[in-house]
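I have placed the structure first, in the form of structure tokens, so that the comments after it can refer back to it.
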Amino acid sequence: MYWSKLFIPTLREDPAEAEVASHRLLLRAGYIRQLAAGLYNYLFLAQRSILKITQIVREEMDAIGAQEFYLPGLNPAEVWQESGRWDVMGDNLFRLKDRNGRDLCLGMTHEEVMTSIARGELRSYKQLPQIWYQIQTKFRDEPRPKSGLLRTRQFIMKDSYTFDLTPAGLDAAYEKHHKAYCRIFDRCGLDYVVVEAHSGAMGGSQSHEFMVVSDAGEDFVVKGPNYAANLEKAVSVAKPPAAADPEGDHEPEEFHTPGKKTIADVAGFTGLPETSQMKSLVMVADGKVVLVMVRGDHQLSETKFGSVTGATDIRAAHPEEIREHFGADAGSLGPVGVKIRILADEALRGRRNMIAGANKNDHHLRNVTPGKHFQCEFHDLRQAVEGDTSIVDGSPLTVHKTVEIGHIFKLGYKYSESMGLKVLDESGKEVTPIMGSYGIGIERILCAAVELFNDKDGIVMPPSIAPFTLVVTPINFSDTAQNKAATEIYEAAKSLGLDAILDDRDERPGVKFKDADLIGIPYRITIGKKLAQGFVEVVDRRTKTSTDVAVAEAASFVKARLAENTK
RNA sequence: CGGGCUGUGGCGCAGCCUGGCUAGCGCGCUUGCUUGGGGUGCAAGAGGUCCCGGGUUCAAAUCCCGGCAGCCCGACCA
């Protein structure tokens, strides 16, 4: 293609609205333009990259025997009501009515629709297993779209669904997806980590997320040499307390702590570290008030709290509720003498003679021992922190901000059961197939690549997903010799199957170089001064290294380089 | 849903506090010449409901009220 004929609206300056690198650069490089909050127009360059990404996804999905479908994005309310998600999804689901007043929604995912196909058609165990997928636009009415293409209200997802007769079959389907996802993200040139994840509102037993470490992300991952998990789910060994507990069997003893409300205040006041205190948190789980105890320096994980209580509606208690149950305000609360359910974090097991609130404003207790002075259920309830050590091998753990690019779930029977999917097994008995669901955020692959690979000049796009792999840049296209050489090289590149673009614009060389760098075309062949000696230059976008090559060999040289880099 | 900020030619911004000439600057765009290895130089041009509605005033981009939109932080989030 000839650049002068294309619509590649690059910007000389950074757009004011864009913060994160991918948003800023995709706008500047002319890949995308915003239509409204969380809605983007994908222009020529973005569309080319997206097509390359989806092609890789297709090839790898097909390689595990998955079959591509294409389902409606517009869904009837009925199927969502059957699964219960019509209510569960709340405002995140785009809802609308047709002219007859029937309720419809725009699909956020397609478990319901896939299951509705399956229950109408799958009747025998002989038809299992099945792997069905699609690459489709999804809609979510995000409370806050942000960071360009990272969190939008409309986006493209590859979503697949598996139907198996047995849990072992599901394990196999899950494993296939795990491997296919690794191949997909490898081929897209990304650095990523696979982490244990919380299955959230999806239900199901096991789940892994594919994460790219980036400050633009919104999730946190806890990572060690042999362990990686989403922060929501991560289990770790806490740092030992900074001071040993006092010896002996003491009884709680009240002392005055005027105005000392926070853990830090009390630590300063008593001269004892935060690890010697218990933090009392009052939570409301599905309407029931629960007291949660964690070590002074720890944070409660609401996700873990939700898993332990099984509650779906979780919040911190209001000040009035606290006063009603404790007779004191936050900052002076403790577990002694409390009548409600008490949960305690594992890090408090075996501790003794600690400090806690006295349930009397401006007073605390010392010598409080869990299990002795108050009864509680011990669970893993705290959020892991940097500095904790691994439960696997004791090595130190680090916490990283990440972008989620893929997620695989063992769904279990949630949808097949609620929607009545049944097949006959070998003995003629009706059985409910077990399902899995697996997603990849297509735009997030693009964003993650930009986040991961950019420099002061712009995007350093991995060749496999770059909109073009090669730009042929004559310094002066109206020079007859340069024009001829450039055209020859461009044609040669095309016949070698390279995705080439010829920069035939009547622009200064600087402009052409800047644009090519900004867009992130992996290779550039510059045709200029050295043409008199029969040479052109091949420049690598990533390393900025330049190699002189004879005109006739230029295209095949790039092809060889490309093959090397994608090994 | 709470908090903060911003809306002025395509983009980036100034002007607003202290109301008053024809609304300005840089980039981009058009035409001509020029230049030709990292956003060339000169000249001439085109392009604006100053987010919208109402109010105050002789006079509003500017002050007041009410909307809307966008961005950021938090909450939320397969």
Setting aside same-chain residues fewer than 8 positions from residue A:514, which aspartates and glutamates have a Cα under 13 Å from its Cα?
A:13, A:455, A:457, A:503
Report ³J(HN,Hα) in whole Hz for each residue of the range A:540-547, in order, from the Karplus equation J = 6.51 cos²θ - 1.76 cosθ + 1.60 where θ = phi - 60°; Gly and Pro get x.
8, 4, 6, 9, 6, 7, 10, 10
Roughly speaking, to the nearest percent, how much of the range A:27-144's 1.4 Å accessible area is carbon and sulfur?
50 percent
Taking the range A:253-379, how many lysine pairs are there with alpha carbons less than 24 Å apart, if each pair must be eight or more places apart or span two chains?
17
What dipole magnitude, in Debye to the nearest 20, does the range A:253-379 give about its Cα centre under +1 on Lys/Arg Cβ and -1 on Asp/Glu Cβ?
360 debye
Amide H of residue A:382: which non-local residues (sequence gap of 5 or more, or other chain) have their own amide H closer than 5 Å, using H built in the peptide plane?
A:301, A:346
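Out of all DSSP beta bridges in the range A:468-565, what portion is antiparallel? Express it as a percent rounded to 5.
About 55 percent, rounded to the nearest 5.
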Per 5 angstrom bin, beginning at 0 and ending with the bin that holds the maximum distance, the Cα pairs of the range A:13-108 fall in percents of 3, 10, 13, 12, 12, 16, 18, 11, 4, 1, 0
Average accessible area per residue (Å²) across chain A - probe 1.4 Å, nucleic acids and ligands excluded:
44 Å²
Hand me the trypsin sites (Lys or Arg not before Pro) from the range A:9-100 located in a DSSP loop with no more than 13 other Cβ atoms within 10 Å, in residue order please.
A:12, A:99
Let me check the size of the range A:468-565 from its C-alpha atoms; what are the radius of gyration and Dmax in Å?
11.9, 34
Taking protein heavy atoms only, a 1.4 Å probe, and rounding to whole percent, the accessible area of the range A:152-284 owed to carbon and sulfur comes out at 54 percent
Whole-angstrom Cα spans of the range A:253-379 along principal axes, big to small:
39, 32, 23
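Report the per residue volume, in Å³, of the convex hull enclosing the C-alpha atoms of chain A.
In chain A, the Cα hull volume divided by residue count equals 205 Å³.
Of the accessible area of the range A:468-565, with the probe set at 1.4 angstrom, what percent is carbon plus sulfur?
Taking all protein chains in place, the range A:468-565 shows 52 percent carbon and sulfur surface.
For chain A, what does the helix formula give at 222 nm: sum of -39500 (n - 2.57) over DSSP H segments with n ≥ 4, over the residue count, nearest 500 deg cm²/dmol?
Counting only the DSSP helices, I get -8000 deg cm²/dmol.
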Inter-part distance where the range A:14-43 and the range A:542-567 are each reduced to a Cα centre, Å
31 Å
Mind pulling the per residue volume of the convex hull built on the Cα atoms of the range A:186-270? Å³ is fine.
246 Å³
Between the range A:338-365 and the range A:389-460, the Cα center-to-center distance that results, in Å:
38 Å
Sorted by chain and number, the residues with a modelled amide H under 5 Å from that of residue A:411, at a separation of 5 or more or across chains, are A:435, A:436, A:437
Would you kindly derive the ³J(HN,Hα) couplings of the range A:304-310 from the backbone phi angles with the Karplus curve 6.51 cos²θ - 1.76 cosθ + 1.60 (θ = phi - 60°), listing them in order in whole Hz, with x for Gly and Pro?
5, 4, x, 5, 5, 7, x
Non-local residues with an amide H under 5 Å from the amide H of residue A:353, with H modelled 1.01 Å from N and Pro and chain starts lacking one, are A:368, A:369
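The values are calculated or read from the model by the stated rules, or taken from the named source; none is laboratory data. The model shown is predicted, which means the values in this text are computed figures rather than measured ones. Don't worry about glycine lacking a Cβ; one is built from the backbone with ideal geometry, like all the others, and counts go over all protein chains shown. Only protein heavy atoms, including side chains, enter the accessible area calculation; ligands, DNA and RNA are left aside. Shrake-Rupley method; radii C 1.70, N 1.55, O 1.52, S 1.80 Å.
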